[in-house]
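I have placed the structure first, in the form of structure tokens, so that the comments after it can refer back to it.
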Amino acid sequence: MKKEEIPQDDGALNKLTKEVVYAVDSSGKYSTELSSGWEVKAKALDVAWEDIEKRIEDARQKVLRNEASPVLYFMELRLMDMGIVSAYTGFWKWTIKKHLKTAAFNKLPEEKLKKYADAFNVSVEELKTMNVHE
Amino acid sequence: MCMNNEFKHLQAAHCENGVTTNLLRSAGAEQLTEPLSFGIGSGLFYVQLPFLKINNGPAIAFRTMPGLIFKRTCNALGIPVARKKFTSQEAGKRYLDECLDAGRAVGAQVGVYYLTYFPKEYRFHFNAHNMIVFGKEEDKYMISDPVMETVTSLTDYELQRVRFAKGAFAPRGQIYYPKEKRS
């Protein structure tokens, strides 16, 4: 790709920095140039985020229908999987699986709720009510 | 306050290339460029593991394992590598502070989920990002992140959080640097 053909579109990074890309200059040699972003890359990222937003909303609805505990909602909201939640809370994966059920979650003592709240970066109250203002 | 005054920020297309190039230039390999580090370090790689799910999709990688580009480039150039992981966050912080006090810029593997200067759209639980920490001013650590055009900074708390991010490839505070200058 030639230097003048480098895409200079809008991208998520654009507000903060330009990216280094490699392209051929007028004498046919590779050199670096800054790019503000590439539409294709921005679209791909948008698609990924739309998917995540959908998962978060699905999880929220499930919790509201009492089919899952708020742990599921915050797992999706924080883009975590079982392994990551386990690493941040110190709970075993099967324990977390149990806590995904409303009945088990409602019986959790304060200190265990606190561990989840800390891992999800919210207060215990926010964890229980799913009311987070960010 | 401690700072490596000779430190020059270097922006790169790939983070580990940038960190490697920058650290090794100050270790005497002054001709090094990003493509050279990438090539010498055999950075190009591809793997797709459909049974290993990351962010609800198959694990795909286009670059080698974190740390390998630095290791291979150093090996090829005959520069000894120092690399340290930590089980305790306090020990990790102490070690970094000692390096900075000695005027040494170091590479650090971090997770990007809590990286405050990154846009929200980029903040996934990706733990193989690399940056250089080159100084400290009161509570602020001076950061040279190859993705960014200029140097940035992180507070003590912010840096600890990204250095000890959890999940796949958890960095465990990993710090690395060329042990001595190239003779």
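Miscellaneous remarks
- For region B:31-55, the residues whose amide N sits under 20 Å from a probe point set 7 Å from the Cα of A:Tyr30 along the beta carbon direction are B:31-47.
- Contact surface A-B: accessible area buried, both sides summed, square angstrom, 1.4 angstrom probe: 2200 Å²
- Helix content alone sets the calculated 222 nm mean residue ellipticity of chain B: runs of n ≥ 4 DSSP H residues at -39500 (n - 2.57) each, divided across all residues, give -8000 deg cm²/dmol.
- Among the listed pairs A:Lys18/B:Lys84; A:Lys112/B:Lys85; B:Lys8/B:Lys93; B:Lys93/B:Lys136; A:Lys18/A:Lys54, those beyond 21 Å (Cα-Cα): A:Lys18/B:Lys84; A:Lys112/B:Lys85; B:Lys8/B:Lys93; A:Lys18/A:Lys54
- Carbon/sulfur fraction of accessible area - the protein assembly as shown, other protein chains in place, 1.4 Å, %: 53 percent
- Only DSSP H runs of four or more residues enter the estimate; each adds -39500 (n - 2.57), and after division by the residues of chain A the mean residue ellipticity at 222 nm equals -15500 deg cm²/dmol.
- J(HN,Hα) series, region B:52-65, from Karplus relation 6.51 cos²θ - 1.76 cosθ + 1.60, nearest Hz, glycine and proline x: 9, 8, 10, 6, 6, x, x, 6, 10, 9, 10, 10, 5, 3
- Over chain A, accessible surface divided per residue gives 61 Å², non-protein components excluded, 1.4 Å probe.
- Pairs of C-alpha atoms in region A:43-134 farther apart than 20 Å represent 31 percent of all such pairs.
- Per-residue Karplus couplings for region B:129-143, computed as 6.51 cos²θ - 1.76 cosθ + 1.60 with θ equal to phi - 60°, are listed in order as 8, 10, 8, 10, 9, 10, x, 9, 10, 6, 8, 9, 8, 7, 10 Hz, Gly and Pro entered as x.
- Placing R0 at 25 angstrom, the Cβ-Cβ distance between B:Arg182 and A:Met1 gives a FRET efficiency of 0.15 after rounding to 0.05.
- The smallest convex shape that holds all Cα atoms of region B:62-183, its convex hull, gives 117 Å³ per residue.
- Once the partner protein chains are put back, region A:3-49 shows a loss of at least 50 square angstrom of accessible area, versus the chain by itself, at A:Leu13, A:Leu16, A:Thr17, A:Val20, A:Tyr22, A:Trp49 (probe 1.4 Å, ligands and nucleic acids excluded).
- Complex-versus-alone comparison for region B:119-151, residues with a loss of 50 Å² or more in accessible area, probe 1.4 Å: B:Pro119, B:Glu121, B:Tyr122, B:Phe124, B:His125, B:Glu149
- Two-site FRET efficiency, A:Lys41 against B:Met65, from Cβ-Cβ distance with R₀ of 22 Å, rounded to 0.05: 0.40
- The protein assembly as shown shape via C-alpha gyration tensor axes, a/c threshold 1.5: prolate
- 1.4 Å probe accessible area per residue over chain B, in Å²: 49 Å²
- Residues of region A:78-94 whose accessible area, computed with a 1.4 Å probe over protein heavy atoms, drops by at least 50 Å² once all protein chains are present relative to their chain alone are A:Leu79, A:Ile84, A:Tyr88.
- J(HN,Hα) series, region A:29-42, from Karplus relation 6.51 cos²θ - 1.76 cosθ + 1.60, nearest Hz, glycine and proline x: 9, 6, 8, 9, 8, 9, 10, 7, x, 9, 3, 4, 5, 4
- On the beta carbon distance between A:Glu53 and B:Glu98, with R0 = 45 Å, the FRET formula returns roughly 0.55.
The values are calculated or read from the model by the stated rules, or taken from the named source; none is laboratory data. Quantities reported herein were computed from a predicted structural model and do not represent experimental measurements. Neighbour counts run over all protein chains shown; Cβ positions are idealised from the backbone, glycine included. Just so you know, the surface numbers come from the protein's heavy atoms only, side chains and all, with ligands and any DNA or RNA stripped out. Shrake-Rupley method; radii C 1.70, N 1.55, O 1.52, S 1.80 Å.
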